[in-house]
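Step one of this worksheet: look at the structure below.
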Amino acid sequence: MIGISACLDGVFCRYDGNTQTIPQLQALVAKKQAIMICPEVLGGLNTPRDPAEIIGGDGFDVWRCDAVVVSCQGVDVTAAYKAGAIRAYEKLKALDVTQVVLKEGSPSCGSHQIYDGAFSGNKVAGVGVATAYFVKQGIEVYSENNYHQLITIATN
């Protein structure tokens, strides 16, 4: 079993109230080969919600308390992002999930790129808060850009 960002499975849980459905991932959930998670919702954030970005680094820096997650309205939502990452991990751990497919670019789930923290629309190299936590716990993280590698392994 693998974990999948709920928005990639068709759940309308993105900050903007939309989804980023990928039918192949949705099929895995339907076959009970994958479980959905949304760290931001698990952290208590509403849908829709104000966009948020990491200021001062990336998800690893957030866990070191060297960076924060702030909404476009200037509200510090770091605690919700951390709590959601922990709750999502607990859900994954309970099912012995060791691999996940997460939404790239997200301040929670980005695995290669996140937004630059200036709400400029520019992306920088880095990982989200949940991704950093999952990696620290030994979970292998993929995104919608490279999930085919994992699906090939998982379905063989």
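Counting only strands (runs of 3 or more DSSP E) that sit wholly inside segment 29-137, those with at least 1 residues that are among the hydroxyl-bearing types (Ser, Thr, Tyr) are 68-71, 113-115.
Residues of segment 59-76 that are touching an Asp or Glu at 6+ places or on another chain (Cβ under 9 Å), farther than 14 Å from Ile114 by Cα and of a type outside the set (S, T, N, Q): Cys72, Val75. Could you tell me whether Val68 is hydrophobic (A, V, I, L, M, F, W, C), closer than 20 Å to Leu8 by Cα and touching a residue at least 12 places away in the same chain (Cβ under 8 Å)? It is false that Val68 is hydrophobic (A, V, I, L, M, F, W, C), closer than 20 Å to Leu8 by Cα and touching a residue at least 12 places away in the same chain (Cβ under 8 Å). The set of residues in segment 3-48 being of a type in the set (D, E, K, R), crowded, with 19+ Cβ neighbours inside 10 Å and closer than 22 Å to Asp116 by Cβ consists of Arg14, Glu40.
Of the numbered criteria (1) among the polar types (S, T, N, Q); (2) within 13 Å of Gly126 (Cα to Cα); (3) touching a residue at least 60 places away in the same chain (Cβ under 8 Å), the one Gln113 fails is (3). Every condition in (1) on the phi > 0 side of the Ramachandran plot; (2) buried (at least 16 other Cβ atoms within 10 Å of the Cβ) is met by Cys65 except one, and the failing one is (2).
Regarding segment 112-125, can at least one residue be identified that is modelled with pLDDT of 95 or more, farther than 19 Å from Asn18 by Cβ and touching a helix residue (DSSP H, G or I) at 6+ places or on another chain (Cβ under 8 Å)? No: segment 112-125 contains no residue that is modelled with pLDDT of 95 or more, farther than 19 Å from Asn18 by Cβ and touching a helix residue (DSSP H, G or I) at 6+ places or on another chain (Cβ under 8 Å). For segment 109-135, give me each residue that is out of contact with any strand residue (DSSP E or B) (no Cβ under 8 Å at 6 or more places or on another chain), surrounded by 15 or more Cβ atoms within 10 Å (Cβ to Cβ) and within 24 Å of Gln73 (Cα to Cα). Matches in segment 109-135: none.
The values are calculated or read from the model by the stated rules, or taken from the named source; none is laboratory data. For clarity, every value in this text was computed on a predicted model and none was experimentally measured. Virtual Cβ from ideal backbone geometry, glycine too; neighbours counted across all protein chains shown.
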